[in-house]
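Here the structure comes first, spelled out in structure tokens, and everything after it is commentary.
The values are calculated or read from the model by the stated rules, or taken from the named source; none is laboratory data. Everything numeric here is computed off the predicted structure, so don't read it as measured data. Cβ: placed from backbone, ideal geometry, glycine included. Neighbour counts: every protein chain shown. Note: accessible area is taken over every heavy atom of the protein model, side chains too, but ligands, DNA and RNA are not part of it. Shrake-Rupley method; radii C 1.70, N 1.55, O 1.52, S 1.80 Å.
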Amino acid sequence: MDTIGVIGAGQMGAGIAQVSAQAGFHVLLADVDRARAEAGRAGIARQFDRLVAKEKIAGADRDAALARIEPVDGPAAFGGCGLVIEAATEREGIKRTIFAEVGAVLGGDAILASNTSSIPITRLAQAAPDPARFVGVHFFNPVPVMGLIELIRGLATADATVAAVESYARALGKRVVHANDAPGFIVNRVLMPMLNEACFALGEGVATIADIDAACQLGLNHPMGPLTLADFIGLDTCLEITRVLFEGTGDPKFRPAPLLVKYVEAGWHGRKAGRGFYDYAGPEPVPTR
């Protein structure tokens, strides 16, 4: 497993490519086109430059790691990869299309993994060339900082697949936790109801955005409030995951908050859109309600 393929050069995919290259793996980075893959690599270069400026890595190590990241035109280049990680948007149809494309070139012993944060692995495996070599490997954002990977096996995932991907994850210096193939796995099963409930509280007028965040940050000793965190994750992503939980369990406690739905419909997706529960246009975030 010397060469890793990463599909998706956005925030998550770029982070996976960065930590893999730092760990010594050759990384092929793809997106919808070569230009986006190149842009993803350029973003990683900027991240490396910041690390060098902070004296967290040496310049020579930056150059060596960046040289191991190779933008490619698409999945057709992944035939020599021992592991391919899909890190596309959290839409099942998009992921299934990617798996079909990768399946056409995937080596006979290669592993296909999805960075999905909530979609059942057993269901996704139906679109993979070999469900025994398909597994969930859920990184957390920002990937270079967060020390956790959730490893999720589907019904057909082989023991050898789990062992190989766990070895890869540990080579990155990550702590691995194993989750059963249940909606939301571990972290989002616990986290999303809290974020969703914060949206319900805001929509029902229990408190303001600032006070909800301050109460949870200080009262629960969290690094940030739930609405700030939702903006950081992306409100569209939070809504997608919450819908997966609701549809996968049928439990009304996972029903998406109407205010969360409205913000997403308005295109207020959080930090990446410049506006969510906070407006990020100025030097400091300002609550939008």
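Among the helices (runs of 4 or more DSSP H) contained in region 165-278, which hold 1 or more residues that are over 17 Å from Leu148 (Cβ atoms), among the charged types (D, E, K, R) and in contact (Cβ under 8 Å) with a residue 40 or more places away in the chain?
Passing ranges, in order: 187-203, 226-233, 235-249.
Sort through Glu204, Glu197 and tell me the only one that's open to solvent by 50 Å² or more (accessible area, probe 1.4 Å), under 28 Å from Glu247 (Cβ atoms) and either of a type in the set (Ser, Thr, Tyr) or over 23 Å from the mean Cα position of the chain (by Cα) (or both). Walk me through it before giving the result.
Working: Glu197 fails: either of a type in the set (Ser, Thr, Tyr) or over 23 Å from the mean Cα position of the chain (by Cα) (or both).
The unique qualifying residue is Glu204.
Search region 115-134 for residues that are β-branched (Val, Ile, Thr) and pair each with any residue that is surrounded by fewer than 24 Cβ atoms within 10 Å (Cβ to Cβ) and part of a loop (DSSP other than H, G, I, E, B) when their beta-carbon atoms are under 6 Å apart and the residues are at least 6 apart or on different chains.
Pairs that qualify, where the first residue is β-branched (Val, Ile, Thr) and the partner is surrounded by fewer than 24 Cβ atoms within 10 Å (Cβ to Cβ) and part of a loop (DSSP other than H, G, I, E, B), are Ile121/Gly154; Ile121/Asp181; Thr122/Gly154; Thr122/Leu155; Thr122/Asp181.
Quick one: count up the residues across region 86-103 that are closer than 15 Å to Gln126 by Cβ and crowded, with 19+ Cβ neighbours inside 10 Å.
Selection size over region 86-103: 5.
Out of Leu51, Leu106, Leu112, Leu83, which single residue is surrounded by 17 or more Cβ atoms within 10 Å (Cβ to Cβ) and without any contact (Cβ under 8 Å) to a residue 12 or more places away in the chain?
Being surrounded by 17 or more Cβ atoms within 10 Å (Cβ to Cβ) and without any contact (Cβ under 8 Å) to a residue 12 or more places away in the chain holds for just one of Leu51, Leu106, Leu112, Leu83, which is Leu51.
For every residue, the table says whether it meets (1) surrounded by fewer than 20 Cβ atoms within 10 Å (Cβ to Cβ); (2) closer than 22 Å to Glu204 by Cα.
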{"site": "Met224", "(1), (2)": "yes, yes"}
{"site": "Leu227", "(1), (2)": "no, yes"}
{"site": "Phe232", "(1), (2)": "yes, no"}
{"site": "Arg243", "(1), (2)": "yes, yes"}
{"site": "Glu247", "(1), (2)": "yes, no"}
{"site": "Gly250", "(1), (2)": "yes, no"}
{"site": "Leu259", "(1), (2)": "yes, yes"}
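Do we find that Gly136 is outside any helix (DSSP H, G or I) and either open to solvent by 40 Å² or more (accessible area, probe 1.4 Å) or at pLDDT below 95 (or both) in this structure?
In short, no.
Give region 71-98 a look and list any residue that's closer than 20 Å to Leu235 by Cα and charged (D, E, K, R), or say none.
Scanning region 71-98 gives Glu90, Arg91, Glu92, Lys95.
Looking at (1) in contact (Cβ under 8 Å) with a residue 24 or more places away in the chain; (2) open to solvent by 30 Å² or more (accessible area, probe 1.4 Å); (3) not in a helix (DSSP H, G or I), can you tell me which one Val143 breaks?
Among (1) in contact (Cβ under 8 Å) with a residue 24 or more places away in the chain; (2) open to solvent by 30 Å² or more (accessible area, probe 1.4 Å); (3) not in a helix (DSSP H, G or I), the lone unmet condition for Val143 is (2).
Of all the residues that make up region 157-194, how many are surrounded by fewer than 16 Cβ atoms within 10 Å (Cβ to Cβ) and modelled with pLDDT of 95 or more? Break it down into steps so the answer makes sense when it comes.
At the first step, the residues of region 157-194 found to be surrounded by fewer than 16 Cβ atoms within 10 Å (Cβ to Cβ) are 159-160, 163, 167, 170-171, 173, 175, 177-178, 180, 182, 190, 194.
Then keep just the ones that are modelled with pLDDT of 95 or more; that gives 159-160, 163, 167, 170-171, 173, 175, 177-178, 190, 194.
So the count comes out to 12.
Output the residues belonging to region 115-129 that are open to solvent by 30 Å² or more (accessible area, probe 1.4 Å) and at pLDDT 95 or above.
Once the filter is applied, which keeps residues that are open to solvent by 30 Å² or more (accessible area, probe 1.4 Å) and at pLDDT 95 or above, region 115-129 yields only Thr122.
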